[in-house]
Structures are given as structure tokens and as C-alpha cells.
Amino acid sequence: MKIPTMNNIFNLAIKVIVIILTVFIIAVLFVGLIHTVWGIKEFLFTKSIGQSFNVIVVNILTFLVIIELFRSLLSYFETHRFRLNTMIDPAIYLCYP
């Protein structure tokens, strides 16, 4: 029986974490899409343009940041390395909206 090395254990742990994060991000994308569509519904039917325009823009930008993070995780899954610029841009937006 072959004893796994620390490198194999680490790679397996990273794969499991990336898979869990991918499933979580897909769920967040789905919820975010529903929330954004709900905001557009409010924009069109209940509130004035000035009141809900900011909320819709923030929701759409947040949704795009989550999509960018999802792309980064998929990129990691294919190349086994993170591209730093695709991780910094969403982080800057999340820290300074």
C-alpha cells in the first residue's frame, strides 16, 4: 500500500476546498440573479427611478464581481494557479464599493 505524501494530501485538500467554494459560488450567483431581477421589478413598478437606480447598479456590480471570482476559481481548477489581477480587482471593489 502506498503512503500518501504531504504534497498529495495538500493537493487533495485544495481540490476539495475549490469544489466546495465552486458549489457555494454557484448558489450565491443564483440567489444574486434572483435578487437583481427582483430589484429591477421594483424599479419598474413600485419606486421612482432615483430611489432604486443606485440599488440596482450596486446589485449588478456585485453580481459581476461574484462572476469574476467564479471565473478565477475555474481558472485555478484548470491551471492550478491563481491569476493575481483577477483576484485583486474584485477585492478592491468589495473593500471600497
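Extension gain for Leu33-Phe53 works out to 5.6 nm (0.36 nm per residue, less the C-alpha to C-alpha distance). The fraction of Cα-Cα pairs per 5 angstrom bin, counted from 0 for region 1-56, comes to 4, 17, 14, 11, 9, 8, 8, 7, 6, 6, 4, 3, 2, 1 percent, rounded to whole percents. Inter-label distance, Ile60 to Phe43: 0.5 nm, where each label sits 7 Å from its Cα along the C-beta direction. Computed from label points 7 Å out along Cα-Cβ, the spacing between Glu78 and Ile9 is 3.2 nm. The mean accessible area for residues of region 5-83, using a 1.4 Å probe and ignoring ligands and nucleic acids, is 76 Å² per residue.
The values are calculated or read from the model by the stated rules, or taken from the named source; none is laboratory data. As the structure is a prediction and not an experimental result, all values here were calculated from the model. All Cβ positions, glycine included, derive from the backbone under ideal geometry; neighbour counts span all protein chains shown. Quick note on the areas: whole protein, heavy atoms, side chains included, nothing else; ligands and nucleic acids left out. Shrake-Rupley method; radii C 1.70, N 1.55, O 1.52, S 1.80 Å.
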